[in-house]
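Worksheet for the structure shown next.
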Amino acid sequence: MTVLVEARQVGISFGGQRVLEGVDLALHAGEIVTVVGPNGSGKSTLLRLLIGAERPGEGRIVRAPGLRIGYVPQRLAVDATLPLTVDRFLGLAERDAGLRAAALERVGIPGLGGRQLAALSGGQFQRALLAQALLRRPGLLVLDEAAQGLDQPGEARFYRLIEQIRGELGCGVLMVSHDLHVVMAASDRVICLNGHVCCEGTPTVVSAAPEYRALFGFGTQGALALYRHDHDHGHSHDHVHGASDHDEARDDAHDHAHDHAHDHAHDHAHGHVHGAGG
Amino acid sequence: MSLLDDFLLRALLAGIGVALAAGPLGCFVVWRRMAYFGDATAHAALLGVTLALATSLPVVAGVAVMAIAMALTVSLAAGRSYAADTLLGVASHGALAAGLVALSFMRGVRVDLMGYLFGDILAVTRADLAVIFGGGALIVVLLAWRWRPLLLATLNEDLAAAAGVDPRRERLVLTLALALLVAVALKVVGVLLVTAMLIVPAAAARGFARTPEAMAAGAAGLGTLAAVAGLAGSWRLDTPAGPSIVVAAVVLLVAVNLAVRRPG
């Protein structure tokens, strides 16, 4: 697999405060990788390092030559004094008006080009940001808490769209989130970050790892299984769990964890778990 | 009679030249909330005048050098210790006071202090005009060349970085353009009112603009209108020219806001 971006022993401090330390990771074409971690774990900093907005204090960031990055920021505060239509915003990435209109259609907000960016709803705004990122014909799509502010179904739709786009463009996708459930279900690989890489691997492997459980507890595994059911249509027993039967859900999750770990080990061969502390 | 026409015409051209450059640049000053930064840069101009007089450099060169020095110093110091507005307040007023003190040391040189503070547009020479239009054209070309990266960096620095644009370089472009504008506008509106020529037409154009380009063009247009109206008023009512232009711009801003319901 083509390596798009690689971090080698990357560390950074701000004002004497150690934010990241000894981070090693590589992103490949065609995979969806999610970085999860508690607040203040250095997720956004790692992302800014990878897109080149920040220079590492130690170590190196290596990008594939000519790599184009489509970036969807966590927030985009458009100053009230700056008039900006959606189409003009997209124009910063692409000069061809036809392609701009097509991109809006692709992300599900056709015909909104004439609207002021500031007048869009939360969901429309995130899709406009995504359209802008797609117009750069990215080899790597980077999303920082991109579904923040969407309701749960909207969030699920947004991530499904990301998966489709990955399929169409064959690009790598890097997401950052503190929302574990939906994001992890949509990922090929999860990197659990807390100043350093605690553990990484397929979602099921990571959610079973002791380092992950130490950070996030046990409850999330059940939720992960729930979303797995919704999401994975290939399963023979496709029943929906009620909100009350937690124990049953967790038992099921246990079974599925085996299934998935097995599947992914075959598909991707990187379902390993690193020890804590790197 | 032809002499009168001549100096009025030169004044008019000078005002228009400054307005055309200040409009688009002023939009960035407004979008990026750099008004106080503009003030600090402009106030350093007085020190530049002193520098020029002491070294017999052209005034424009002295002003440009000091304005750039001030802009770079403030940019570098930003975010270190004090809040941005405190730092800029210190730099801005410190530079103004230091400039006034330094000028008082220039004995034997007749210094038209009021002219430097508020402009002396009616005394614009052909050489001044060449400087104004040359510098103004340079600013406009610089902004047009960097338009998309500048907008991107203004919108979101991370977004710019991901697209391969270095936000620091774009900030430097704006800083240099600002220093250059201070230098060429000194004769027209003076140290104290340069920022007004940047902000007021841009803010007025925000009332009706739907795109950044429309706002930039509108600011240039409204600034030109203010220069013409201000000079005309100054001629009729015998008021100081530079301040009259700024008053005209403010009147235009109020008129636009009353006439147009603000979009979005």
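The values are calculated or read from the model by the stated rules, or taken from the named source; none is laboratory data. These figures come from a predicted structure and were not determined experimentally. Cβ placement follows ideal geometry from the backbone for every residue including glycine, while neighbour counts extend to all protein chains displayed. Remember, those area values only see protein heavy atoms, side chains included, never the ligands or the DNA or RNA. Shrake-Rupley method; radii C 1.70, N 1.55, O 1.52, S 1.80 Å.
What number goes with the only condition from (1) of a type outside the set (Gly, Ala, Ser); (2) at the interface with chain B (Cβ under 9 Å from one of its Cβ atoms); (3) open to solvent by less than 20 Å² (accessible area, probe 1.4 Å) that residue A:20 does not pass?
Among (1) of a type outside the set (Gly, Ala, Ser); (2) at the interface with chain B (Cβ under 9 Å from one of its Cβ atoms); (3) open to solvent by less than 20 Å² (accessible area, probe 1.4 Å), residue A:20 violates only (2).
Looking at (1) within 14 Å of another protein chain (Cβ to nearest Cβ); (2) open to solvent by 40 Å² or more (accessible area, probe 1.4 Å), which one does residue B:161 not meet, given that it meets all the others?
Answer for residue B:161: the failing condition is (2).
Just name the residue that is least open to solvent (accessible area, probe 1.4 Å) out of those in region A:148-177 that are at pLDDT below 90 and among the polar types (S, T, N, Q).
A:177
Report the residue count in region B:63-77 for those that are open to solvent by less than 30 Å² (accessible area, probe 1.4 Å) and either in contact with a Phe, Trp or Tyr (Cβ under 8 Å, 6 or more places away or on another chain) or of a type in the set (Ser, Thr, Tyr) (or both).
Matching residues across region B:63-77 total 2.
Would region A:126-147 turn up any residue that is surrounded by 20 or more Cβ atoms within 10 Å (Cβ to Cβ), small (Gly, Ala, Ser), in contact with a helix residue (DSSP H, G or I) (Cβ under 9 Å, 6 or more places away or on another chain) and modelled with pLDDT under 90?
yes
Taking the stated definitions as given, is residue B:181 open to solvent by less than 10 Å² (accessible area, probe 1.4 Å) and facing chain A (nearest Cβ under 10 Å)?
no
Does residue B:176 fit the bill of being more than 14 Å from every other protein chain (Cβ to nearest Cβ) and at negative phi?
Here the answer is yes, as residue B:176 does meet what is asked.
Quick check on this structure: which one of A:57, A:37, A:30 is in contact (Cβ under 8 Å) with a residue 40 or more places away in the chain, under 26 Å from residue A:205 (Cβ atoms), surrounded by fewer than 19 Cβ atoms within 10 Å (Cβ to Cβ) and among the small types (Gly, Ala, Ser)?
A:30
Might you let me know whether region B:239-253 holds any residue that is within 14 Å of chain A (Cβ to nearest Cβ) and within 23 Å of residue A:81 (Cα to Cα)?
Yes, the conditions are met somewhere in region B:239-253.
Considering only region A:85-111, state which residues are surrounded by fewer than 18 Cβ atoms within 10 Å (Cβ to Cβ) and closer than 26 Å to residue A:167 by Cβ.
Within region A:85-111, A:96, A:98, A:99, A:101, A:102, A:105, A:108, A:110, A:111 meet the criteria.
Would you say residue B:47 is over 15 Å from residue B:71 (Cβ atoms) and open to solvent by 10 Å² or more (accessible area, probe 1.4 Å)?
Answer is no for this residue.
Is it the case that region A:37-55 has a residue that's at positive phi, within 14 Å of another protein chain (Cβ to nearest Cβ), modelled with pLDDT under 90 and not in a strand (DSSP E or B)?
no
Residues in region A:182-214 that are aromatic (Phe, Trp, Tyr) and either open to solvent by 10 Å² or more (accessible area, probe 1.4 Å) or in contact with an Asp or Glu (Cβ under 8 Å, 6 or more places away or on another chain) (or both): how many?
0
Residue-by-condition table, conditions (1) closer than 15 Å to residue B:254 by Cβ; (2) modelled with pLDDT of 95 or more; (3) touching a helix residue (DSSP H, G or I) at 6+ places or on another chain (Cβ under 8 Å):
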{"site": "B:193", "(1), (2), (3)": "no, no, yes"}
{"site": "B:196", "(1), (2), (3)": "yes, yes, yes"}
{"site": "B:201", "(1), (2), (3)": "yes, yes, yes"}
{"site": "B:205", "(1), (2), (3)": "yes, yes, yes"}
{"site": "B:217", "(1), (2), (3)": "no, yes, yes"}
{"site": "B:221", "(1), (2), (3)": "no, yes, yes"}
{"site": "B:227", "(1), (2), (3)": "no, yes, yes"}
{"site": "B:230", "(1), (2), (3)": "yes, yes, yes"}
{"site": "B:235", "(1), (2), (3)": "no, no, yes"}
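Suppose we filter B:32, B:80 for residues that are surrounded by 15 or more Cβ atoms within 10 Å (Cβ to Cβ), within 14 Å of another protein chain (Cβ to nearest Cβ) and out of contact with any Leu (no Cβ under 7 Å at 6 or more places or on another chain); which single one remains?
Result: B:32 is the single residue among B:32, B:80 that is surrounded by 15 or more Cβ atoms within 10 Å (Cβ to Cβ), within 14 Å of another protein chain (Cβ to nearest Cβ) and out of contact with any Leu (no Cβ under 7 Å at 6 or more places or on another chain).
With respect to residue B:206, determine if the residue is of a type in the set (D, E, K, R) and either under 15 Å from residue B:33 (Cβ atoms) or crowded, with 24+ Cβ neighbours inside 10 Å (or both).
So residue B:206 passes the test.
Here are some conditions: (1) among the basic types (Lys, Arg); (2) more than 14 Å from chain B (Cβ to nearest Cβ); (3) under 25 Å from residue A:3 (Cβ atoms). Residue A:127 meets all but one. Which one does it not meet?
In the conditions (1) among the basic types (Lys, Arg); (2) more than 14 Å from chain B (Cβ to nearest Cβ); (3) under 25 Å from residue A:3 (Cβ atoms), residue A:127 misses (3) alone.
Does residue A:69 meet the test of being more than 12 Å from chain B (Cβ to nearest Cβ) and closer than 29 Å to residue A:117 by Cα?
Spelling it out, it is not the case that residue A:69 is more than 12 Å from chain B (Cβ to nearest Cβ) and closer than 29 Å to residue A:117 by Cα.
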